[in-house]
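The values are calculated or read from the model by the stated rules, or taken from the named source; none is laboratory data. Since the model is a prediction, treat every value here as computed from it, not as a measurement. Neighbour counts run over all protein chains shown; Cβ positions are idealised from the backbone, glycine included. The area values use the complete protein model at the heavy-atom level, side chains included, leaving out ligands, DNA and RNA. Shrake-Rupley method; radii C 1.70, N 1.55, O 1.52, S 1.80 Å.
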Amino acid sequence: MTQPEMLPISIWIETTPLHTFMVQNQIAFTFCETLHFMGLTILAGALLVIDLRGLGFLKRMPLYELHKLVPFAIGAFAVQLLTGLAFIFSNPNHYFLDLSFQVKMVLVVLAGLNALAFEFLVFRPMKAGVPNVESWAVTKITSGLSIALWAGVLICGRLIPYV
Amino acid sequence: MFNWLENNPIANWVASSSWAYPFLLTAHGLGMAVVVGLTAVIALRILGFPRRAPLGAYKGLMGYLLAGFLVNAGSGAVLFLADPVALAANLSFQIKMASIVVGVIVLWRMHVKVLVPAAAAEAPVAQGSVAADGVSIFAPPRSAKALAIAAVLIWWLSVIVSGRLVAYLSQAA
(Lines give C-alpha, C1' and ligand atoms only; values in the text may rest on other atoms or scores of the structure.)
Protein backbone atom coordinates (compact mmCIF):
# COMPACT_ATOMS: atom_id res chain seq x y z
CA MET A 1 0.00 0.00 0.00
CA THR A 2 1.35 3.40 -0.93
CA GLN A 3 1.72 6.01 1.78
CA PRO A 4 -1.09 8.61 1.50
CA GLU A 5 0.11 12.03 0.41
CA MET A 6 0.69 14.53 3.21
CA LEU A 7 -1.83 17.38 3.14
CA PRO A 8 -0.25 20.86 3.43
CA ILE A 9 -2.00 21.42 6.77
CA SER A 10 -0.66 18.10 8.06
CA ILE A 11 2.89 19.12 7.05
CA TRP A 12 2.44 22.36 9.00
CA ILE A 13 0.95 20.63 12.07
CA GLU A 14 3.88 18.23 12.20
CA THR A 15 6.26 21.20 12.62
CA THR A 16 4.47 22.41 15.78
CA PRO A 17 5.70 21.76 19.35
CA LEU A 18 2.26 20.33 20.26
CA HIS A 19 2.69 17.62 17.61
CA THR A 20 6.13 16.72 18.97
CA PHE A 21 4.77 16.66 22.51
CA MET A 22 1.81 14.40 21.61
CA VAL A 23 4.03 11.99 19.68
CA GLN A 24 6.67 11.74 22.39
CA ASN A 25 4.19 11.32 25.27
CA GLN A 26 1.87 8.35 24.87
CA ILE A 27 0.54 9.15 28.35
CA ALA A 28 -0.64 12.58 27.10
CA PHE A 29 -2.77 10.89 24.43
CA THR A 30 -4.29 8.50 26.99
CA PHE A 31 -4.91 11.42 29.36
CA CYS A 32 -6.69 13.42 26.64
CA GLU A 33 -8.69 10.34 25.69
CA THR A 34 -9.89 9.94 29.28
CA LEU A 35 -10.86 13.65 29.43
CA HIS A 36 -12.62 13.22 26.07
CA PHE A 37 -14.68 10.35 27.57
CA MET A 38 -15.53 12.37 30.70
CA GLY A 39 -16.58 15.41 28.65
CA LEU A 40 -18.67 13.14 26.45
CA THR A 41 -20.70 11.96 29.45
CA ILE A 42 -21.55 15.52 30.61
CA LEU A 43 -22.44 16.62 27.07
CA ALA A 44 -24.53 13.48 26.45
CA GLY A 45 -26.29 13.57 29.83
CA ALA A 46 -27.28 17.25 29.67
CA LEU A 47 -28.48 17.07 26.07
CA LEU A 48 -30.25 13.71 26.48
CA VAL A 49 -32.40 15.03 29.33
CA ILE A 50 -33.30 18.23 27.44
CA ASP A 51 -34.03 16.28 24.24
CA LEU A 52 -36.16 13.63 25.98
CA ARG A 53 -38.18 16.47 27.51
CA GLY A 54 -38.47 18.14 24.11
CA LEU A 55 -39.75 14.87 22.65
CA GLY A 56 -42.49 14.80 25.30
CA PHE A 57 -41.05 12.40 27.88
CA LEU A 58 -40.25 13.31 31.51
CA LYS A 59 -43.27 15.62 31.59
CA ARG A 60 -42.75 16.55 35.25
CA MET A 61 -39.46 18.23 34.39
CA PRO A 62 -39.83 21.89 33.38
CA LEU A 63 -37.87 22.49 30.18
CA TYR A 64 -37.18 26.02 31.34
CA GLU A 65 -35.19 24.62 34.30
CA LEU A 66 -33.47 21.85 32.33
CA HIS A 67 -32.22 24.49 29.90
CA LYS A 68 -29.94 25.69 32.72
CA LEU A 69 -27.83 22.57 31.98
CA VAL A 70 -26.82 24.09 28.63
CA PRO A 71 -23.76 25.90 30.09
CA PHE A 72 -22.51 22.51 31.36
CA ALA A 73 -22.96 21.06 27.87
CA ILE A 74 -21.07 24.01 26.32
CA GLY A 75 -18.26 23.65 28.87
CA ALA A 76 -18.04 19.93 28.15
CA PHE A 77 -17.98 20.65 24.41
CA ALA A 78 -15.02 22.99 24.94
CA VAL A 79 -13.18 20.08 26.61
CA GLN A 80 -14.08 17.86 23.64
CA LEU A 81 -12.80 20.47 21.19
CA LEU A 82 -9.46 20.95 22.97
CA THR A 83 -8.75 17.25 23.55
CA GLY A 84 -9.95 16.50 20.01
CA LEU A 85 -7.44 19.05 18.64
CA ALA A 86 -4.71 17.30 20.65
CA PHE A 87 -5.60 13.98 18.92
CA ILE A 88 -5.46 15.67 15.50
CA PHE A 89 -2.08 17.26 16.29
CA SER A 90 -0.67 13.86 17.23
CA ASN A 91 -1.33 12.39 13.77
CA PRO A 92 -3.04 14.94 11.49
CA ASN A 93 -2.96 13.16 8.16
CA HIS A 94 -4.44 10.00 9.69
CA TYR A 95 -7.49 11.93 10.91
CA PHE A 96 -7.99 14.23 7.92
CA LEU A 97 -8.04 11.28 5.48
CA ASP A 98 -10.23 9.07 7.71
CA LEU A 99 -13.84 8.72 6.52
CA SER A 100 -15.26 8.25 10.04
CA PHE A 101 -13.49 11.41 11.17
CA GLN A 102 -14.80 13.38 8.19
CA VAL A 103 -18.38 12.21 8.80
CA LYS A 104 -17.98 12.91 12.53
CA MET A 105 -16.94 16.52 11.88
CA VAL A 106 -19.89 17.07 9.51
CA LEU A 107 -22.25 15.64 12.16
CA VAL A 108 -20.74 17.91 14.86
CA VAL A 109 -21.42 20.97 12.67
CA LEU A 110 -24.98 19.78 11.93
CA ALA A 111 -25.57 19.09 15.64
CA GLY A 112 -24.37 22.61 16.44
CA LEU A 113 -26.71 24.16 13.86
CA ASN A 114 -29.55 22.02 15.21
CA ALA A 115 -28.81 23.24 18.75
CA LEU A 116 -29.01 26.84 17.49
CA ALA A 117 -32.35 26.03 15.82
CA PHE A 118 -33.64 24.60 19.13
CA GLU A 119 -32.44 27.67 21.04
CA PHE A 120 -33.99 30.26 18.72
CA LEU A 121 -37.05 28.47 17.32
CA VAL A 122 -38.09 26.61 20.49
CA PHE A 123 -36.53 27.83 23.72
CA ARG A 124 -36.56 31.61 23.15
CA PRO A 125 -40.27 31.66 22.13
CA MET A 126 -41.11 29.46 25.14
CA LYS A 127 -39.19 31.80 27.46
CA ALA A 128 -41.00 34.78 25.93
CA GLY A 129 -44.31 33.18 26.91
CA VAL A 130 -45.56 31.90 23.54
CA PRO A 131 -48.14 29.17 24.39
CA ASN A 132 -48.00 25.51 23.28
CA VAL A 133 -44.35 25.55 22.16
CA GLU A 134 -44.00 22.05 23.64
CA SER A 135 -46.42 20.59 21.10
CA TRP A 136 -44.84 22.28 18.06
CA ALA A 137 -43.40 19.99 15.40
CA VAL A 138 -40.14 21.97 15.40
CA THR A 139 -39.70 21.13 19.09
CA LYS A 140 -39.98 17.40 18.47
CA ILE A 141 -37.88 17.52 15.29
CA THR A 142 -34.94 19.46 16.76
CA SER A 143 -35.02 17.31 19.93
CA GLY A 144 -35.06 14.05 17.97
CA LEU A 145 -32.36 15.29 15.57
CA SER A 146 -30.18 16.26 18.52
CA ILE A 147 -30.22 12.70 19.91
CA ALA A 148 -29.65 11.18 16.45
CA LEU A 149 -26.82 13.55 15.47
CA TRP A 150 -24.91 13.26 18.77
CA ALA A 151 -25.31 9.47 18.73
CA GLY A 152 -23.87 9.60 15.20
CA VAL A 153 -20.94 11.67 16.47
CA LEU A 154 -20.24 9.07 19.16
CA ILE A 155 -20.54 6.15 16.73
CA CYS A 156 -18.20 7.77 14.17
CA GLY A 157 -15.72 8.55 16.94
CA ARG A 158 -15.68 4.92 18.00
CA LEU A 159 -15.22 3.76 14.42
CA ILE A 160 -12.22 6.03 13.64
CA PRO A 161 -9.72 3.26 14.43
CA TYR A 162 -11.62 0.69 12.32
CA VAL A 163 -12.77 2.22 9.02
CA MET B 1 -7.39 -26.00 31.16
CA PHE B 2 -8.88 -22.77 29.81
CA ASN B 3 -8.85 -24.06 26.27
CA TRP B 4 -12.61 -24.49 26.04
CA LEU B 5 -13.06 -20.94 27.33
CA GLU B 6 -10.74 -19.44 24.75
CA ASN B 7 -12.46 -21.32 21.95
CA ASN B 8 -16.02 -20.49 22.95
CA PRO B 9 -18.31 -19.65 19.99
CA ILE B 10 -18.53 -15.98 20.95
CA ALA B 11 -14.73 -15.63 20.95
CA ASN B 12 -14.62 -17.20 17.51
CA TRP B 13 -17.39 -14.91 16.22
CA VAL B 14 -15.74 -11.74 17.54
CA ALA B 15 -12.36 -12.84 16.19
CA SER B 16 -13.59 -13.79 12.72
CA SER B 17 -16.08 -10.97 12.09
CA SER B 18 -14.51 -7.65 11.14
CA TRP B 19 -17.60 -5.79 12.40
CA ALA B 20 -18.27 -7.55 15.70
CA TYR B 21 -15.61 -5.75 17.70
CA PRO B 22 -16.32 -2.18 16.51
CA PHE B 23 -20.07 -2.84 16.82
CA LEU B 24 -19.73 -4.05 20.43
CA LEU B 25 -17.44 -1.14 21.35
CA THR B 26 -19.91 1.32 19.81
CA ALA B 27 -22.83 -0.14 21.79
CA HIS B 28 -20.62 -0.03 24.90
CA GLY B 29 -19.81 3.66 24.21
CA LEU B 30 -23.47 4.62 23.68
CA GLY B 31 -24.49 2.78 26.86
CA MET B 32 -21.70 4.50 28.78
CA ALA B 33 -22.88 7.92 27.56
CA VAL B 34 -26.40 7.18 28.87
CA VAL B 35 -25.37 5.64 32.20
CA VAL B 36 -22.65 8.11 33.16
CA GLY B 37 -24.40 11.07 31.52
CA LEU B 38 -27.66 10.56 33.41
CA THR B 39 -25.79 9.85 36.65
CA ALA B 40 -24.02 13.19 36.19
CA VAL B 41 -27.31 15.01 35.51
CA ILE B 42 -28.94 13.53 38.64
CA ALA B 43 -25.82 14.32 40.69
CA LEU B 44 -25.78 17.93 39.41
CA ARG B 45 -29.41 18.34 40.50
CA ILE B 46 -28.70 16.94 43.98
CA LEU B 47 -25.79 19.40 44.21
CA GLY B 48 -28.21 22.21 43.31
CA PHE B 49 -28.12 22.67 39.52
CA PRO B 50 -30.79 23.55 38.43
CA ARG B 51 -32.15 24.23 41.92
CA ARG B 52 -35.77 24.80 40.91
CA ALA B 53 -36.29 21.65 38.85
CA PRO B 54 -38.34 19.25 41.02
CA LEU B 55 -35.91 16.59 42.28
CA GLY B 56 -38.61 13.90 42.43
CA ALA B 57 -39.06 14.11 38.67
CA TYR B 58 -35.49 12.86 38.25
CA LYS B 59 -36.70 9.45 39.41
CA GLY B 60 -38.08 9.16 35.86
CA LEU B 61 -34.49 9.02 34.55
CA MET B 62 -33.71 5.77 36.37
CA GLY B 63 -35.50 3.66 33.74
CA TYR B 64 -33.35 5.13 30.95
CA LEU B 65 -30.28 4.67 33.11
CA LEU B 66 -31.15 1.01 33.70
CA ALA B 67 -31.66 0.47 29.96
CA GLY B 68 -28.22 1.95 29.27
CA PHE B 69 -26.72 -0.24 31.97
CA LEU B 70 -28.24 -3.39 30.46
CA VAL B 71 -26.79 -2.46 27.04
CA ASN B 72 -23.38 -2.15 28.67
CA ALA B 73 -23.72 -5.32 30.72
CA GLY B 74 -24.72 -7.22 27.55
CA SER B 75 -22.06 -5.76 25.24
CA GLY B 76 -19.51 -6.00 28.06
CA ALA B 77 -20.29 -9.67 28.67
CA VAL B 78 -19.77 -10.48 24.98
CA LEU B 79 -16.53 -8.44 24.89
CA PHE B 80 -15.37 -10.35 27.96
CA LEU B 81 -16.17 -13.74 26.39
CA ALA B 82 -14.14 -12.70 23.35
CA ASP B 83 -10.97 -12.82 25.45
CA PRO B 84 -11.89 -14.19 28.90
CA VAL B 85 -8.59 -15.61 30.11
CA ALA B 86 -6.46 -12.52 29.44
CA LEU B 87 -9.12 -10.12 30.74
CA ALA B 88 -9.75 -12.02 33.97
CA ALA B 89 -6.03 -11.78 34.73
CA ASN B 90 -5.86 -8.07 33.81
CA LEU B 91 -5.60 -5.86 36.93
CA SER B 92 -7.34 -2.89 35.26
CA PHE B 93 -10.22 -5.16 34.32
CA GLN B 94 -10.51 -6.43 37.90
CA ILE B 95 -10.51 -2.86 39.24
CA LYS B 96 -13.13 -1.90 36.65
CA MET B 97 -15.45 -4.77 37.64
CA ALA B 98 -15.09 -4.00 41.37
CA SER B 99 -15.79 -0.31 40.64
CA ILE B 100 -18.96 -1.19 38.75
CA VAL B 101 -20.26 -3.16 41.75
CA VAL B 102 -19.57 -0.16 44.01
CA GLY B 103 -21.11 2.22 41.44
CA VAL B 104 -24.32 0.19 41.24
CA ILE B 105 -24.60 0.15 45.06
CA VAL B 106 -24.09 3.93 45.25
CA LEU B 107 -26.64 4.55 42.47
CA TRP B 108 -29.14 2.24 44.16
CA ARG B 109 -28.74 4.11 47.47
CA MET B 110 -29.18 7.42 45.62
CA HIS B 111 -32.41 6.05 44.14
CA VAL B 112 -33.81 4.69 47.42
CA LYS B 113 -32.60 7.38 49.82
CA VAL B 114 -33.01 10.49 47.66
CA LEU B 115 -35.10 10.13 44.50
CA VAL B 116 -37.90 7.94 45.87
CA PRO B 117 -38.50 10.15 48.98
CA ALA B 118 -38.27 13.25 46.77
CA ALA B 119 -40.88 11.88 44.37
CA ALA B 120 -43.15 10.97 47.29
CA ALA B 121 -42.77 14.40 48.90
CA GLU B 122 -43.50 16.19 45.64
CA ALA B 123 -46.34 13.92 44.51
CA PRO B 124 -49.21 16.23 45.55
CA VAL B 125 -47.61 19.05 43.58
CA ALA B 126 -47.13 16.85 40.53
CA GLN B 127 -50.85 16.14 40.34
CA GLY B 128 -51.42 19.76 39.42
CA SER B 129 -48.80 21.80 37.65
CA VAL B 130 -45.30 22.02 39.02
CA ALA B 131 -45.06 24.85 41.53
CA ALA B 132 -43.44 27.80 39.80
CA ASP B 133 -42.17 29.28 43.04
CA GLY B 134 -40.22 26.10 43.84
CA VAL B 135 -41.36 26.22 47.51
CA SER B 136 -42.58 22.62 47.60
CA ILE B 137 -39.50 21.19 45.91
CA PHE B 138 -37.78 18.48 47.96
CA ALA B 139 -34.45 19.57 49.42
CA PRO B 140 -31.95 16.67 49.51
CA PRO B 141 -30.14 15.98 52.81
CA ARG B 142 -26.42 16.68 52.97
CA SER B 143 -25.58 12.96 52.85
CA ALA B 144 -27.24 12.87 49.41
CA LYS B 145 -24.59 15.24 48.10
CA ALA B 146 -21.85 12.85 49.17
CA LEU B 147 -23.65 10.02 47.35
CA ALA B 148 -24.00 12.16 44.23
CA ILE B 149 -20.31 13.07 44.14
CA ALA B 150 -19.34 9.45 44.86
CA ALA B 151 -21.50 8.14 42.02
CA VAL B 152 -19.94 10.43 39.41
CA LEU B 153 -16.39 9.94 40.68
CA ILE B 154 -16.73 6.16 40.66
CA TRP B 155 -17.96 6.14 37.05
CA TRP B 156 -15.34 8.65 35.95
CA LEU B 157 -12.22 7.75 37.86
CA SER B 158 -12.64 4.02 38.18
CA VAL B 159 -14.73 2.81 35.31
CA ILE B 160 -13.60 5.13 32.51
CA VAL B 161 -9.95 5.31 33.54
CA SER B 162 -9.59 1.59 34.15
CA GLY B 163 -11.66 0.91 31.02
CA ARG B 164 -9.12 2.91 28.98
CA LEU B 165 -6.29 0.99 30.62
CA VAL B 166 -7.97 -2.35 29.86
CA ALA B 167 -7.85 -1.37 26.19
CA TYR B 168 -4.18 -0.37 26.33
CA LEU B 169 -2.96 -3.25 28.44
CA SER B 170 -4.78 -5.80 26.25
CA GLN B 171 -3.12 -4.28 23.16
CA ALA B 172 0.25 -4.54 24.84
CA ALA B 173 -0.33 -8.16 25.83
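Return the only residue of A:PHE87, A:PHE101 being touching a residue at least 24 places away in the same chain (Cβ under 8 Å), within 14 Å of chain B (Cβ to nearest Cβ) and open to solvent by less than 70 Å² (accessible area, probe 1.4 Å). Break it down into steps so the answer makes sense when it comes.
Details: A:PHE101 fails: within 14 Å of chain B (Cβ to nearest Cβ).
On inspection, the qualifying residue turns out to be A:PHE87.
When A:LEU58, A:LEU63 are checked against the criterion of being touching a helix residue (DSSP H, G or I) at 6+ places or on another chain (Cβ under 8 Å), of a type outside the set (Phe, Trp, Tyr) and without any contact (Cβ under 8 Å) to a residue 40 or more places away in the chain, A:LEU58 stands alone in meeting it. Only a single item in (1) surrounded by fewer than 16 Cβ atoms within 10 Å (Cβ to Cβ); (2) at pLDDT 95 or above; (3) within 14 Å of another protein chain (Cβ to nearest Cβ) is not met by A:ALA137, and it is number (3).
Filtering the range A:82-100 to residues that are farther than 23 Å from A:GLN24 by Cβ and under 15 Å from the mean Cα position of the chain (by Cα) leaves only A:SER100. Only a single criterion out of (1) in contact with a helix residue (DSSP H, G or I) (Cβ under 6 Å, 6 or more places away or on another chain); (2) open to solvent by 20 Å² or more (accessible area, probe 1.4 Å); (3) away from chain B (no Cβ under 14 Å) is not satisfied by A:PHE72, namely (3). When A:ASN93 is tested against (1) within 18 Å of A:ILE160 (Cβ to Cβ); (2) within 14 Å of chain B (Cβ to nearest Cβ), only condition (2) is not met.
Scanning the range A:15-35 for residues that are open to solvent by less than 30 Å² (accessible area, probe 1.4 Å) and either facing another protein chain (nearest Cβ under 8 Å) or in contact with a Gly (Cβ under 9 Å, 6 or more places away or on another chain) (or both) yields A:THR30, A:CYS32, A:THR34.
Of the residues B:TYR21, B:TYR58, the single one that is within 9 Å of chain A (Cβ to nearest Cβ), open to solvent by 40 Å² or more (accessible area, probe 1.4 Å) and out of contact with any Ser or Thr (no Cβ under 9 Å at 6 or more places or on another chain) is B:TYR21.
Just one of (1) at pLDDT 95 or above; (2) surrounded by fewer than 16 Cβ atoms within 10 Å (Cβ to Cβ); (3) farther than 17 Å from A:LEU58 by Cα; (4) within 14 Å of chain A (Cβ to nearest Cβ) fails for B:ALA67. It is (3). Taking A:VAL49 as the residue in question, decide whether it is open to solvent by less than 30 Å² (accessible area, probe 1.4 Å) and of a type in the set (A, V, I, L, M). In short, yes. Checking every residue in the range B:132-144 against the condition of being modelled with pLDDT of 90 or more, under 19 Å from the mean Cα position of the chain (by Cα) and exposed (fewer than 14 other Cβ atoms within 10 Å of the Cβ) gives zero matches.
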